[in-house]
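Novice: Here you go, one structure.
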Amino acid sequence: MLHGVLLITLFSCAAFYIGDMKFVKSISFSPMIVGILLGMLYANSLRNNLPETWVPGIQFCSKRILRLGVILYGFKLTFQDVTAVGIPAIIVDAIIVTVTICGGVLVGRLLKMDRGIALLTSVGSGVCGAAAILGAESAIKIKPYKTAVAVSTVIIFGTLSMFLYPILYHSGVFNLPTNEMGIFTGSTIHEVAHVVGAGNAMSKEISNFAIIVKMIRVMMLVPVLLVISYSVSRAAAKHGEEAVGGRKISIPWFAVLFLVVIGFNSFNLLPAGMVSFINAFDTFLLTMAMTALGAETSIDKFRKAGFKPFLLALILYVWLIGGGYCLAKYLVPYLLNL
């Protein structure tokens, strides 16, 4: 196992090095995104020469280290962030998350897609990109290549948003006041890094507001994972996969601990330097998890998944832009005037 872990660690170090390059920073590619790309590059080149004894270490990174990374992600958030943006932003986030996930699962059924990929793609689009996909992957125990397919849709459309939103805003197509534009940006763009990139390209005020709204979406990962876990357990019971004596619900404890960490961080008990170190360490852990997922994903598996995941992601993307804009333009002013 140790050899596999060390291999992923080395790839993750390389991802951090590459992620610190000026060009990579300019397109707001986080080390996590670079990590999965490096992992996929390795999977389609040298992967066949890897000793089988190293595989458990890679799987350890994509499972156990992943859950620890999700828990520590809570140090990026506080409950004060929630109160700072007000009820309208929270309501918009809740609508976006609910409609995107439920609608995505429904569209996935209509497209006759793999249920796991449809769910992960919907969660990634609706909540917080790759981090949400990784959390949901741990809850439903899906094959790594399916997770990588879902993550790739987030990378594509999240990156597109980072360039598209500033262009449409400065051209006057997105004609919204600063706060409402911040709500629209934070509630509809996939990755935190992409929200930062798009927000800063519009204005510092929009960026600050958008980041807080985005982090509220991240908090919603906890109830989403609980609902997913309950649904998976219920479906398993319906198909007779549960043990005799009642239906068991598999609670994703890492999601609960994620919420506990947010609560702890809200009291500001730790020095800022320590929190900064924890956040950097957490990013490294999540990068290891993403790299491990990429290392299990070959082009053949993408072919097996087909075009449908990207079609679903495109449909959800159109909803995020159109629906999110309407919510920010019409619902937010209405709520503020109540």
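Novice: Please go through segment 221-255 and give me each residue that is at pLDDT below 80, under 22 Å from the mean Cα position of the chain (by Cα) and not in a loop (DSSP other than H, G, I, E, B), ordered by number.
Specialist: Listed by number, the residues that qualify are VAL232, TRP253, PHE254, ALA255.
Novice: Something else about it: Of all residues in segment 264-298, which are exposed (fewer than 13 other Cβ atoms within 10 Å of the Cβ) and either of a type in the set (Val, Ile, Thr) or farther than 20 Å from LEU66 by Cα (or both)?
Specialist: Listed by number, the residues that qualify are PHE267, ASN268, LEU269, PRO271, ALA272, GLY273, MET274.
Novice: So, one more: Taking segment 108-155 as the search range and keeping residues that are touching a Lys or Arg at 6+ places or on another chain (Cβ under 6 Å) and not aliphatic (A, V, I, L, M), which one is surrounded by the most Cβ atoms within 10 Å (Cβ to Cβ)?
Specialist: Per the criteria, the residue is CYS128.
Novice: A further question on this structure: Give me the pairs: first residue in segment 190-206 and modelled with pLDDT of 85 or more, second residue not in a helix (DSSP H, G or I), beta-carbon distance under 7 Å, and six or more apart or on different chains, which are they?
Specialist: Qualifying pairs under 7 Å: HIS190/GLY129; VAL195/ILE189; ALA198/ILE189.
Novice: Select the helices (runs of 4 or more DSSP H) contained entirely in segment 1-76, then report the ones holding at least 3 residues which are within 23 Å of the chain's Cα centre (by Cα) and without any contact (Cβ under 8 Å) to a residue 24 or more places away in the chain.
Specialist: So the answer is 2-19, 22-26.
Novice: What are the pairs, 6+ residues apart or on separate chains, where a residue within segment 296-318 that is farther than 13 Å from MET40 by Cβ and in contact (Cβ under 8 Å) with a residue 40 or more places away in the chain has its Cβ under 6 Å from a residue that is of a type outside the set (Lys, Arg) and surrounded by fewer than 17 Cβ atoms within 10 Å (Cβ to Cβ)?
Specialist: LYS308/LEU111
Novice: I want to confirm something. Restricting to segment 132-160 and keeping residues that are touching a helix residue (DSSP H, G or I) at 6+ places or on another chain (Cβ under 6 Å) and small (Gly, Ala, Ser), which single residue is nearest to VAL232 (Cα to Cα)? Steps first, please.
Specialist: Narrowing segment 132-160 to residues touching a helix residue (DSSP H, G or I) at 6+ places or on another chain (Cβ under 6 Å): 132-140, 142, 144-151, 153-155, 157-158.
Still in the list and also small (Gly, Ala, Ser): 132, 135-136, 138-139, 148, 150, 158.
Values: ALA132: 17, GLY135: 14, ALA136: 11, SER138: 12, ALA139: 8, ALA148: 20, ALA150: 19, GLY158: 28 Å.
My answer is ALA139.
The values are calculated or read from the model by the stated rules, or taken from the named source; none is laboratory data. Here the structure is a predicted model, which is why all the values come from computation and not from measurement. Glycine gets a Cβ as well: all are built from the backbone with ideal geometry, and neighbour counts include every protein chain shown.
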